[in-house]
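The values are calculated or read from the model by the stated rules, or taken from the named source; none is laboratory data. Since this is a predicted model, take the numbers as computed values, not measurements. In this analysis, Cβ positions are derived from the backbone assuming ideal geometry, glycine residues included, and neighbour counts consider all displayed protein chains. Remember, those area values only see protein heavy atoms, side chains included, never the ligands or the DNA or RNA. Shrake-Rupley method; radii C 1.70, N 1.55, O 1.52, S 1.80 Å.
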Amino acid sequence: MKTVWEKYDESSLNKLMAFNEGYKKYISVCKTERECVAEGIRLAKQYGFKDLKDCIAGGVSLHTGDKVYYDNKGKDLVLFAIGNEPLETGMNILGAHIDSPRLDLKQHPLYEDKGIALLKTHYYGGVKKYQWVAMPLAMHGVVCKKDGTCVNVVIGEDPDDPVLGITDLLPHLAAGQMEKPAAKIIEGEEMNITFGTIPAKEEEKDAVKAAILTSLKEKYGIEEDDFMSAELEMVPAGPARDYGLDRSMVMGYGQDDRVCGYTSLMALLDGGCQEKTTCCVLVDKEEVGSIGATGMHSMFFETAVMELMELCGGYSALNIRRCFNNSNMLSSDVSAAFDPTFPQVNEPMNTAYMGKGICINKYTGSRGKGGCNDANPEFIAKIRDVFEKEDIAFQSGELGKVDCGGGGTIAYIVAQYNMNVIDSGVPVLSMHAPWEITSKLDIYETYKAYMAFISKM
C-alpha cells in the first residue's frame, strides 16, 4: 500500500519533523485540560492575541485584524482572528477537545492499609482498566483552598521526581484473576495509587498517612480536607517519544484529542487573519459526554461569540443566528487507524490508514449511526475541492465495522446551530491506551489541512 511519504522532498521532510518536535513538547507538558489552556494562552500571546475579557472590561472596540482569546474557567479556550467580512457572514471554525481518558482522585482519596498509604481513584472516560496498572504514573492538577488560593501540583514528570502507580497481582497467584473477562481483570475500586510506606515517628495510628500529610503540608501547604476541592489527575509519567526505528511516529499520552487540539491551535495562530473570521475552540469533557459548564453542551461558546460580536459593533439576536448558520466547522477529532494485528474490526474500504493524511468522517455514532452528525455531501465536496487544490493528503473512513461499536465527537452538538460541520483528524493506533501512536506525516498533513480550511473555505 502506497503512503504519502514518497511525495516529501528533503526540505518538506525537515519542516514535517520540526513541526512534530513542537508537538511532542506540547503533549509532554500538557497532560490536563487546564495545562492545555494555559499553554494555549501562552502561545496565543506570543502571536499578539489579547484577552477578550479585558477588551470587554475596557469597552475596547474590535476590528478587522484584531486577535483575541476567551478563557472559560481555565478549561476551555476559544481564539478568534477577526476577518474582513462581517461576523454574520459566518466563521471558519476548528474545534477539538483537550480532555483525555485518565484516573481522577476521589474527593476523599487518602487512606492507609497495612502500612501502605494509598489514594482512591475514579477512572474518567473510556479506558481498558487493566492497561493502567504496573506502570509509572504522574499526578497533575490543582488544589483549591478555602482562602481562595489554588496550588498547582505536578509529581512524577521531572527526572528527579518519584513516580506513582497501581500494583497488580503476581502471575503465581493470579489464576482466579486470569479467568475473569478483560473488563473485570482489574475492577474500578482496585485502581488504588500506592503513595508511600514510611511512617511518621511517634504516631500510633495511620502513621504512614500522617507522614504523607506532613509532607503535603510542607511542600504544597495543603491539608487533608483540601482534597475535597481538588482536581487531581493520574496520567502516564514521562514525555512523548519518537516511535519506530525510523522515527516516523509519535508515542504519547492524550493524543486523543490533543493531536487535533495542537494542530488546530497552530493552524489558527500561523494562519493569521483571513477574509472570514477564523476561530479555534478547545473544549473539555468530550470523553464523558460533553456535559457540565466546560463541555460543548455548555453555552460558553455562544457567549464568547456574542461578546465578540458586541465589541465588533454588530450584535443582535438575529445576527448571532446568521453567524452560526453561515459558519463552517471541522470537528477536529481523531480517527481509529487500521491495525494489521486486529484487522477483523475494520472494513478495509472505509477505514483510516497510517501515513495517508488527515481522515474525514462523514459520520461517527454507533451501529445505525446513532448519535452521529452525518455531514452534508455539499459541504464534503467543498472540503475535497480545497484539499485537492492545496495538495493536502486526505482520506475518508469510519470507526470500525457497522456492528462492531462506535463513538462520538462534538460535531453533533455544534450542528445544532445549523452550521456545516464534519469530523476530521489524525488516525490513531492504541486509542485510549495510556500511550497512543500517531504518524508524524498524518499530524503535519492535518495541520496543513486545517490551515487550508480556515483560509480557503
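For the range 87-140, filtered to residues that are charged (D, E, K, R) and assigned to a loop (DSSP other than H, G, I, E, B), the residue that is surrounded by the most Cβ atoms within 10 Å (Cβ to Cβ) is Asp99.
Residues in the range 149-186 that are free of Cβ contacts under 8 Å to residues at least 40 places away in the same chain and in a helix (DSSP H, G or I) were compared, and the one that is surrounded by the fewest Cβ atoms within 10 Å (Cβ to Cβ) is His172. Does at least one position in the range 88-101 carry a residue that is hydrophobic (A, V, I, L, M, F, W, C) and without any contact (Cβ under 8 Å) to a residue 24 or more places away in the chain? No, there is no match, as no residue in the range 88-101 is hydrophobic (A, V, I, L, M, F, W, C) and without any contact (Cβ under 8 Å) to a residue 24 or more places away in the chain.
Within the range 361-399, if we keep just the residues that are among the hydrophobic types (A, V, I, L, M, F, W, C) and modelled with pLDDT under 95, the residue that is least open to solvent (accessible area, probe 1.4 Å) turns out to be Ala375.
Listed by position, the strands (runs of 3 or more DSSP E) enclosed by the range 345-457 include none that has at least 2 residues that are in contact (Cβ under 8 Å) with a residue 40 or more places away in the chain, among the charged types (D, E, K, R) and under 23 Å from Ile291 (Cα atoms).
Does the range 409-423 contain at least one residue that is at pLDDT below 95, buried (at least 22 other Cβ atoms within 10 Å of the Cβ), of a type in the set (S, T, N, Q) and closer than 24 Å to Gly252 by Cα? There is at least one residue in the range 409-423 that is at pLDDT below 95, buried (at least 22 other Cβ atoms within 10 Å of the Cβ), of a type in the set (S, T, N, Q) and closer than 24 Å to Gly252 by Cα. Do we find that Cys280 is open to solvent by less than 10 Å² (accessible area, probe 1.4 Å), assigned to a helix (DSSP H, G or I), touching a helix residue (DSSP H, G or I) at 6+ places or on another chain (Cβ under 6 Å) and closer than 18 Å to Asn92 by Cβ in this structure? So Cys280 fails the test. The set of residues from the range 182-209 being more than 20 Å from Thr121 (Cα to Cα) and among the hydrophobic types (A, V, I, L, M, F, W, C) comprises Ile198, Ala200, Ala207.
Would you check if Asp256 is modelled with pLDDT of 95 or more and either touching a Pro at 6+ places or on another chain (Cβ under 8 Å) or not basic (Lys, Arg) (or both)?
Numbers: modelled with pLDDT of 95 or more: no; either touching a Pro at 6+ places or on another chain (Cβ under 8 Å) or not basic (Lys, Arg) (or both): yes.
Criteria not met by Asp256.
Residues of the range 306-318 that are in contact (Cβ under 8 Å) with a residue 40 or more places away in the chain, buried (at least 17 other Cβ atoms within 10 Å of the Cβ) and not charged (D, E, K, R): Leu308, Met309, Leu311, Cys312. The set of residues from the range 226-246 being open to solvent by 40 Å² or more (accessible area, probe 1.4 Å), touching a residue at least 40 places away in the same chain (Cβ under 8 Å) and not acidic (Asp, Glu) comprises Met228, Ser229, Pro239, Arg241, Tyr243.
Output the residues belonging to the range 395-419 that are farther than 30 Å from Val127 by Cβ and in contact with a Gly (Cβ under 9 Å, 6 or more places away or on another chain). So that I can check it myself, show each step before the final result.
We begin by selecting, within the range 395-419, every residue farther than 30 Å from Val127 by Cβ; these are 417-419.
Listed by number, the list holds a single entry, Met419.
Sub-9 Å Cβ pairs linking a first residue in the range 117-130 that is on the phi > 0 side of the Ramachandran plot to a second residue that is polar (S, T, N, Q), at least 6 apart or interchain, are Gly125/Ser100, ordered by first then second residue. For the range 187-207, the set of residues classified as open to solvent by less than 30 Å² (accessible area, probe 1.4 Å) and under 30 Å from Arg34 (Cβ atoms) consists of Gly188, Met191, Asn192, Ile193, Gly196, listed by residue number. If I filter the range 175-189 down to residues being in contact with a helix residue (DSSP H, G or I) (Cβ under 9 Å, 6 or more places away or on another chain) and small (Gly, Ala, Ser), which single residue comes out as nearest to Leu118 (Cα to Cα)? The qualifying residue nearest to Leu118 (Cα to Cα) is Gly188.
With farther than 22 Å from Ile443 by Cα, at pLDDT 95 or above and open to solvent by 40 Å² or more (accessible area, probe 1.4 Å) as the only criterion, which of Lys50, Lys25, Lys15 stands out?
Values: Lys25 fails: farther than 22 Å from Ile443 by Cα; Lys15 fails: farther than 22 Å from Ile443 by Cα.
None of the others qualify; the one that does is Lys50.
What about Glu6, is it exposed (fewer than 15 other Cβ atoms within 10 Å of the Cβ), modelled with pLDDT under 95, more than 15 Å from the chain's Cα centre (by Cα) and under 30 Å from Asp242 (Cα atoms)? So Glu6 passes the test.
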